[in-house]
Amino acid sequence: MRRTRAWGDDRNVDRLRGWPATLTEGPVELRPLRLRDVRAWRETRLRNADWLRPWEPSNPETPLFRTGLGPYISMAGTLRREARQGLALPWVVTYEGRFAGQLTVGAIVWGSARSAQVGYWIDGALAGRGIIPTALAMAVDHCFFTTGLHRLEANIRPENHASRRVVEKLGFREEGIRRRQLHIDGAWRDHICYAITVEDAPRGLLVQWRRAREAAAHGGSPHEEV
């Protein structure tokens, strides 16, 4: 995995450690979200509206998919500001240089918790190539071994079997149901909490994921939905 980093000034090094960062594994890359990604983001989201709608957090007062550029500019501005404050790591996922989706580590809590939540989505046209498991493995390793977080959570709808298999393949453990946790597709939905701590992956998830893929290549490929 190739990794590049830029550092903030000394006053903010604890909160900005390892950000911005670009992480690469083969054709999969995580790079910081940019304002100029707006057109690729909008085109991908509109084309994937039906694919994403059942799983995407929404505001109960506004529609999820709109045709203007405003939603992206607002979202990107908020995430970039939170990144400067040490509260989020907002990445774009690319595959062979093509915009493929997003992966965001957000809701970062420092102090005695050092925890965060991770969310992701991918262009349906690129699903099934192991892109998101690879991206998530890179992100988890970066959070644990560079940023200094201790625990990451992924909260997933019970019906989202493809996304659940991503975290299960990487060793996240299931910790129970969070009732009506998020507003999704017009209603408040239950989510399963999956979590992993640095003690669960002392050598990193990417090494583990590489070995799993190599074993599958020599003994039959598992079905990868995401």
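DSSP H helices in the chain with Cα extent of 15 Å or more along the helix axis and mean Kyte-Doolittle hydropathy at least -0.5?
Both cut-offs are met by 131-142, 205-219.
Counting Lys +1, Arg +1, Asp -1, Glu -1, what net charge surrounds R211 among other residues with beta carbon under 13 Å of its beta carbon?
With Lys, Arg at +1 and Asp, Glu at -1, the net is +3.
What part of the accessible area of the chain, given as a whole %, is carbon or sulfur when the probe is 1.4 angstrom?
Looking at the chain in its full context, I get 49 percent from C and S.
Within the range 127-204, report the GluC sites (Glu not before Pro) that DSSP leaves as loop and that have at most 15 other Cβ atoms within 10 Å.
Those that pass, being in a loop and sparsely packed, are E159.
For L79, what charge total do you get from the other residues with a beta carbon under 14 Å from its beta carbon, if Lys and Arg give +1 and Asp and Glu give -1?
+3
Just to verify a number: what accessible area does L35 come out at with the full protein assembly present, 1.4 Å probe, Å² rounded to tens?
Here the accessible area works out near 90 Å².
Longest segment of the chain with no chymotrypsin sites (Phe, Trp or Tyr not before Pro) in a DSSP loop having at most 16 other Cβ atoms within 10 Å?
The longest uninterrupted stretch comes out as 111-226.
Over 24 Å, how big is the tail of the calculated P(r) for the range 67-226, in percent of all Cα pairs?
37
Whole Å is fine, so just give me how far the alpha carbon centre of the range 181-221 lies from that of the range 104-176.
Result: 6 Å between the Cα centres.
May I ask you to give the solvent-accessible area per residue for the chain, in square angstrom, as obtained with a 1.4 angstrom probe?
Ligands and nucleic acids excluded, the result is 50 Å² per residue.
Would you tally the net charge around A107, using a Cβ to Cβ cut-off of less than 11 Å, leaving A107 out, and scoring K and R as +1, D and E as -1?
-2
The values are calculated or read from the model by the stated rules, or taken from the named source; none is laboratory data. Just so you know, these numbers come straight off a predicted model, no measurement behind them. Please note: Cβ atoms are built from the backbone with ideal geometry, for glycine as well, and neighbour counts cover all protein chains shown. When the accessible area is computed, the model is the full protein with side chains, heavy atoms only, and any ligands, DNA or RNA have been set aside. Shrake-Rupley method; radii C 1.70, N 1.55, O 1.52, S 1.80 Å.
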